[in-house]
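Take a look at the structure below.
Values quoted throughout were computed directly from the atomic coordinates according to the rules given, and no laboratory measurement underlies them. Because the structure is a prediction, the values reported are computed rather than measured. We place every Cβ from the backbone using ideal geometry, glycine too, and count neighbours over all the protein chains shown.
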Amino acid sequence: MIANVEKTNNFLNLGAYIQLTKPSIIYLLVLTAATAMFLVDGLETNIYKALTGISGIGLIAASSAAINQILDLEIDGKMKRTDKRPLVSGKIPVINAITFAAILFIIGSFLLLSFNNFLSWALTVATWVFYAFLYTRILKFAGPQNIVIGGLAGAMPPVLGWVALTGSISPLPLLLVAIIFVWTPPHFWALAIDRIDDYKNANVPMMPVVKGIEYTKIQILLYSFLLLACSLLPFAIGSLGIFYFVSASSLGLIFIFLAARLMQDKKNSGAIPFFLYSIIYLTILFVSMILDRLI
């Protein structure tokens with residue numbers, strides 16, 4: 001018992017604090033923001049402003065992830081997917097988590113305001129408020145379209161990265177936002193199909209809980225076609241070339257194939273493979289944007 005108390009009160013429990021920031025999500029946010037930065041000037045991009053911008057955006061995003069876990073503490077304790085998170089398991093006291101989130105926010109704000117620009121900070125903070133508070137406390141419980149609306153926060157990093165370097169908004173990063181925005185619902189709905197009992201226990205009205213699994217599968221397939229169309233828009237406006245077109249087309253067709261296969265899967269065993277592929281999809285898609293500019 002004493003050992004557990006000491007571990008709980010140890011502010012230097014590094015692994016638990018990293019887990020508090022949802023690193024798998026932060027990885028995608030940083031990747032998409034960094035890709036947008038690269039697309040500004042390619043290899044001529046100001047590396048110092050890019051590093052401070054990525055760091056500032058990443059730290060504030062990590063702060064919002066920590067706040068999300070603080071506010072979702074009760075819900076997380078009811079779900080098998082989240083009942084091992086550091087606050088639920090007692091590895092980190094809530095007051096330490098609040099302090100940690102505040103420190104991340106302050107450092108991230110300092111970087112963006114000192115080395116980038118006010119607009120990048122303002123948009124990043126607006127995203128922080130939207131996800132950490134508005135989505136976590138209100139939109140998540142608003143109905144089966146919760147993840148569609150809430151997905152806007154996770155889709156914003158390309159604009160944040162672009163603005164951190166340029167101080168302005170352009171069509172290309174907005175198209176990248178659209179891609180992530182359309183990608184988010186099928187990505188999370190596949191997970192919700194697999195963890196439907198978790199969401200029922202926590203009274204979170206995810207699509208499979210409210211509308212049923214079969215209806216959700218149809219939505220996943222429809223969004224897969226929409227995602228393919230959105231992913232080709234950067235090529236359509238001439239911002240990216242043939243390498244990106246081939247990559248986006250191939251990745252999108254696989255996405256559609258897996259969604260169609262999931263519709264035929266009565267046991268829903270394909271939900272997690274689809275979920276995992278969606279992460280691979282977004283990673284390779286954005287990497288292909290960088291490679292397209294390099295080739």
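Shown for the chain are the DSSP H helices of 20 Å or more along their axis, judged by Cα atoms, with a mean Kyte-Doolittle hydropathy of at least 1.0: 23-41, 47-71, 94-115, 171-194, 213-231, 242-263, 271-294. Label-to-label distance, Asn46 versus Glu214, with points set 7 angstrom from Cα along the beta-carbon direction: 5.7 nm. Only helices enter the 222 nm calculation for the chain: every DSSP H run of n ≥ 4 contributes -39,500 (n - 2.57), and dividing by all residues gives -24000 deg cm²/dmol, rounded to 500.
Rounded to the nearest angstrom and listed largest first, the equivalent-ellipsoid semi-axes of the range 170-295 from its Cα gyration tensor are 30, 14, 11. Within the chain, all pairs of alpha-carbon atoms sorted by distance into 10 Å bins from zero give the percentages 7, 27, 33, 25, 9, 1, 0. Globularity index of the range 62-190 is 1.14 (Cα radius of gyration / 2.2 N^0.38 Å, N = number of residues).
Report, in debye and to the nearest 20, how large the dipole of the chain comes out about its Cα centre when Lys and Arg carry +1 and Asp and Glu carry -1 on their Cβ. Please list the in-between numbers first.
Working: 19 positive and 13 negative charges, 116 e Å.
About 560 debye.
For Val94 and Ala122, what is the calculated FRET efficiency with R₀ set at 25 Å and r taken between the beta-carbons, to the nearest 0.05?
Details: r = 29 Å, r/R0 = 1.14.
FRET efficiency, Val94 to Ala122: 0.30.
Using the Cα centre as the reference, give the magnitude of the dipole from point charges on the C-beta atoms of the range 1-167 (Lys, Arg: +1; Asp, Glu: -1; all else neutral), rounded to the nearest 20 debye. List each step's numbers first, then the result.
Numbers: 11 positive and 7 negative charges, 93 e Å.
Charge dipole of the range 1-167: 440 debye, to the nearest 20.
Counted residue by residue at 0.36 nm each, then reduced by the alpha carbon distance between them, the extension gain from Asp197 to Ser114 reaches 25.3 nm.
Across the options Ile57, Ile272, Leu29, the greatest Cα extent toward the positive end of the charge dipole of the chain (unit charges at beta carbon of Lys, Arg, Asp, Glu) belongs to Ile272. Mean silhouette area of the range 155-198, derived from the convex hull of its C-alpha atoms and averaged over all directions, reads 3.4 nm². Of the residues Leu104, Gly77, Gly151, the one whose Cα sits farthest toward the positive end of the charge dipole of the range 1-167, with +1 on the Cβ of Lys and Arg and -1 on the Cβ of Asp and Glu, is Gly77. Using the alpha-carbon centroid of each, what span in Å lies between the range 11-84 and the range 214-253? Using only Cα atoms, the two centres lie 25 Å from each other.
Computed over the chain with a Gaussian network model linking Cα atoms closer than 10 Å, the most mobile of Lys266, Lys49, Lys200 is Lys266.
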